[in-house]
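The next block holds one structure in the form of structure tokens; read it before the comments.
The values are calculated or read from the model by the stated rules, or taken from the named source; none is laboratory data. Keep in mind it's a predicted model, so treat the numbers as computed, not measured. Note that we place each Cβ from the backbone using ideal geometry, even for glycine, and neighbour counts take in every protein chain shown.
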Amino acid sequence: MIYKNKIIIVKIVMILICIITINFFTKKNEYKANNNKILILCEESKEYEQEKNELNDFDILNKTDKNNLQLKGTTYFYLNNVTPFNDLSNLIDEIDYLKQNGIKFFIEASPVFVNTNLKAMGRFAECLRYAQSNGGRVIMSFPIMNSKKANGDSINSDLIYNSVKLAFDNYTNYWVYPVGMSVDESLIYKKELKNILECTNTLFLNSNYDIYDSTIRSYDNVIQKIDLDNYIKNNKNNLYGKRAICIESNCDFEEFKKNVEKIINKEISFTSNSDLSSYIKFNNEVKSSVSGIFFNNKNVTPQRFISEDEYKSAFDTNNNNREENQEATDLKESNKVLEILSLVSLIIFLIMLILSKNIERKRFFK
């Protein structure tokens, strides 16, 4: 009897084990089906890099993301590699075409350090102002770095900081307002560049794989730049996180139109660039939000396009006003000096007059 009871107990235990095992694998498969191409690493893993490389098409989310699986990814349109050497007439056509199709976009502009007073710079800034007034917001790319200067001196973080700040100021002087920076992901891990990159809360990253490293996630807005063909090929439209579909600006206009048509045909839904709250701050600060663009807390959101001639006219007027104000200030200072000299002279004259009277009186009574 005892033997039979043992057999029954063993059978019950085996049945329970089978039920638990089946239930476990069923839930696991359901989880995979409901979360296609999502891998969650809830703890630190030694195999993280290996899994990351094997699952190149997956978003790798850390522990803090596991409660946010219902949030869809954010996708922006990104006009890549805009420089003063591009065909600027072609760039204007591209901007017009994006506006016709109702696409709000980011436009990447390379930093400019020297020759900012040349006509070419004025024309380039004019195109960027045109982009700003037609649904675009400017992203400044990080400068290309060499290990040494032309004279052989080492390049340090202070030099890089001053160069980036100079490029930022050169743009704002032309009423072009960068709202974020574009940078290679590898530079984020360089300690000597930390103080520069922390001048903004918005980074567009050139990266070959999904970007959910803890260092990167310390920034408010980290957007991965993805080539259009790779985006379509890997079917990334349903992934989570922030990404920007990149289309090269320096291409034939017909090719550009075909690329935009691919996007329209794929029914890719873009997030408005104004939804991204961002800032860049050196001595001056640019902020961007749904309320507009602000420069040192002054609203500079473009209401219309400012041409090069209009900018020059306003700039010359400002310079004339500054010169007039300076002349008025100098005149006031000169008048103050004359008033002081006159007062001193008067006092000296009165003293001399009093002294002379005393001398004459003494002579008279002798």
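Counting just the residues of region 235-252 that are loosely packed, with under 14 Cβ neighbours inside 10 Å and on the phi < 0 side of the Ramachandran plot, which one comes out modelled with the highest pLDDT?
First pass over region 235-252, keeping only residues loosely packed, with under 14 Cβ neighbours inside 10 Å: 235, 238, 252.
Next cut, on the phi < 0 side of the Ramachandran plot only: 238, 252.
Numbers: ASN238: 50, ASP252: 92.
Filtering first and then ranking leaves ASP252.
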Only residues in region 180-191 that are assigned by TED's automatic domain parsing to the domain that holds ALA167 count as the first member; pair them with residues that are of a type in the set (S, T, N, Q) and not in a strand (DSSP E or B), Cβ under 6 angstrom, at least 6 apart or cross-chain, and list the lot.
-> GLU185/SER207
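From the list SER269, SER186, which residue is part of a loop (DSSP other than H, G, I, E, B), modelled with pLDDT under 90 and either of a type outside the set (Phe, Trp, Tyr) or within 23 Å of LEU166 (Cα to Cα) (or both)? Working first, answer last.
On the way: SER186 fails: part of a loop (DSSP other than H, G, I, E, B).
Selected residue: SER269, the only one of SER269, SER186 that is part of a loop (DSSP other than H, G, I, E, B), modelled with pLDDT under 90 and either of a type outside the set (Phe, Trp, Tyr) or within 23 Å of LEU166 (Cα to Cα) (or both).
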Breaking point among (1) at pLDDT below 95; (2) closer than 14 Å to VAL179 by Cα; (3) surrounded by fewer than 16 Cβ atoms within 10 Å (Cβ to Cβ), for SER214 = (2)
Only one of ASN259, ASN273 is polar (S, T, N, Q) and surrounded by fewer than 20 Cβ atoms within 10 Å (Cβ to Cβ), namely ASN259
What are the residues in region 288-312 that are without any contact (Cβ under 8 Å) to a residue 60 or more places away in the chain and on the phi < 0 side of the Ramachandran plot, if any?
-> SER289, VAL290, SER291, PHE294, LYS298, ASN299, THR301, ASP309, GLU310
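Please pick out the residue among PHE305, PHE349, PHE294 that is in contact with a Phe, Trp or Tyr (Cβ under 7 Å, 6 or more places away or on another chain) and either part of a helix (DSSP H, G or I) or at pLDDT 65 or above (or both). Show your work before the answer.
Working: PHE349 fails: in contact with a Phe, Trp or Tyr (Cβ under 7 Å, 6 or more places away or on another chain); PHE294 fails: in contact with a Phe, Trp or Tyr (Cβ under 7 Å, 6 or more places away or on another chain).
Exactly one of PHE305, PHE349, PHE294 is in contact with a Phe, Trp or Tyr (Cβ under 7 Å, 6 or more places away or on another chain) and either part of a helix (DSSP H, G or I) or at pLDDT 65 or above (or both), namely PHE305.
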ALA109 is checked against (1) surrounded by fewer than 13 Cβ atoms within 10 Å (Cβ to Cβ); (2) among the small types (Gly, Ala, Ser); (3) closer than 19 Å to SER163 by Cα and fails just one. What number does that condition carry?
-> (1)
